[in-house]
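> Sharing a structure with you now.
The values are calculated or read from the model by the stated rules, or taken from the named source; none is laboratory data. All of these numbers come straight from a predicted model, not from anything done at the bench. Because the Cβ atoms are built from the backbone with ideal geometry, glycine has one as well, and the counts that use them run over all protein chains shown. Surface accessibility is based on the protein's heavy atoms, side chains included, excluding ligands, DNA and RNA. Shrake-Rupley method; radii C 1.70, N 1.55, O 1.52, S 1.80 Å.
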Amino acid sequence: MGMFSKSPAEQKLEDLTGGFLLSDEYKAILRANNIEYSVGEHIKNQLKEEIKLNIVSEEGLETRLRYLIKQNSKKNPSSTQNPEIKTQKEPVNAQSPLKRYEDEINTLKVEYDAKEKVVTNMIEKSFAPPQITYDKFMDHVKQANKVFNSEADGALNIVRMTTRETPRIDTELENKISNMKAIISYIDDLTNELIINLSSNKESNTDVENLLADMKDLIDSVKKYDS
């Protein structure tokens, strides 16, 4: 074991919250719970100390993190106007709307994986490697895959780490699901354009190029929102 090797608990904490910088997934959880990033950093550092002092184990780390997030979660402004709103909220369970989000996210992941394989196959048929065009198209698909999985993982982390539902959590999850659907839609459009180009022997790839530009704009906007 190296001098600077992390313990399993330390590695798990990094997986949940990020390394030197907070991860996008952890930031999304903080936003969903109305917690400032500085407080999220404090929670992370507190857990580091608890791990060093053997207060929390690898197995109990996620539960402890969920508890600290709940403790530091800011009240929804509307709940201060009507105290009864808080008592109406139920803990997350299998029948809650958050479970519905989880099911939808997992369904979208299956759909995306299948469609990504199709579009990759179409690119290989249209542009044999190592053409520059092939590399360009594959790079766009890889970027789409990276952003899609980031949104999916972030959304699932919110579902897993959140103890109560709030309008802010709903908004955060709906934004991520909307981004996932938009990426799937662009993958569909790209596949269709490639099929048309392949079947018609069109020499111009203008439509496909425009579609790739739109896809890049979408990916950049998602990255900017999550940063």
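> Would you please name the residue that is surrounded by the fewest Cβ atoms within 10 Å (Cβ to Cβ), looking only at residues in region 30-50 that are in a helix (DSSP H, G or I) and in contact with a Ser or Thr (Cβ under 7 Å, 6 or more places away or on another chain)?
K44
> Which of the numbered conditions does A213 fail, given that it passes all the others? Conditions: (1) at pLDDT below 90; (2) touching a helix residue (DSSP H, G or I) at 6+ places or on another chain (Cβ under 9 Å).
Condition not satisfied by A213: (2).
> Any residue that is under 20 Å from D217 (Cβ atoms) and either touching a Gly at 6+ places or on another chain (Cβ under 8 Å) or modelled with pLDDT of 85 or more (or both) - is there at least one of those in region 159-167? Before the answer, list the steps.
Step one: list which residues in region 159-167 are under 20 Å from D217 (Cβ atoms), which gives none.
No - not one qualifying residue is present in region 159-167.
> Can I ask one more? How about region 51-68: which of its residues are charged (D, E, K, R), open to solvent by less than 90 Å² (accessible area, probe 1.4 Å) and free of Cβ contacts under 8 Å to residues at least 60 places away in the same chain? Reasoning before the result, please.
In the first step, residues of region 51-68 are kept if they are charged (D, E, K, R); the result is 52, 58-59, 62, 64, 66.
Then keep just the ones that are open to solvent by less than 90 Å² (accessible area, probe 1.4 Å); that gives 58, 62, 64, 66.
Answer for region 51-68, where residues must be charged (D, E, K, R), open to solvent by less than 90 Å² (accessible area, probe 1.4 Å) and free of Cβ contacts under 8 Å to residues at least 60 places away in the same chain: E58, R64.
> Here's a follow-up. Read through the list (1) modelled with pLDDT of 90 or more; (2) open to solvent by 40 Å² or more (accessible area, probe 1.4 Å), then give the number of the only condition that A94 fails.
Only one criterion in (1) modelled with pLDDT of 90 or more; (2) open to solvent by 40 Å² or more (accessible area, probe 1.4 Å) is unmet by A94, namely (1).
> A further question on this structure: Going by the conditions given, is E84 touching a strand residue (DSSP E or B) at 6+ places or on another chain (Cβ under 9 Å) and at pLDDT below 80?
So E84 fails the test.
> Continuing with this model, one more query. What are the residue pairs meeting all of these: first residue in region 36-47, first residue more than 14 Å from S73 (Cα to Cα), second residue part of a helix (DSSP H, G or I) and not basic (K, R), Cβ atoms under 6 Å, and 6 or more apart or on different chains?
K44/T17; L47/L13
> Could you grab the pairs with beta carbons closer than 6 Å, sequence gap of 6+ or different chains, first residue in region 17-31 and without any contact (Cβ under 8 Å) to a residue 40 or more places away in the chain, second one in a loop (DSSP other than H, G, I, E, B) and open to solvent by less than 20 Å² (accessible area, probe 1.4 Å)?
Note: no pairs meet the criteria.
> All but one of (1) within 18 Å of the chain's Cα centre (by Cα); (2) at pLDDT 85 or above hold for D139; which doesn't?
Of the numbered conditions (1) within 18 Å of the chain's Cα centre (by Cα); (2) at pLDDT 85 or above, the odd one out for D139 is (1).
> Going by the conditions given, is A9 farther than 17 Å from L156 by Cα, touching a residue at least 40 places away in the same chain (Cβ under 8 Å) and either touching a Cys at 6+ places or on another chain (Cβ under 6 Å) or open to solvent by less than 20 Å² (accessible area, probe 1.4 Å) (or both)?
Spelling it out, A9 is indeed farther than 17 Å from L156 by Cα, touching a residue at least 40 places away in the same chain (Cβ under 8 Å) and either touching a Cys at 6+ places or on another chain (Cβ under 6 Å) or open to solvent by less than 20 Å² (accessible area, probe 1.4 Å) (or both).
> Looking only at region 169-194, count how many residues are farther than 12 Å from Y101 by Cα, at pLDDT 85 or above and not acidic (D, E).
9
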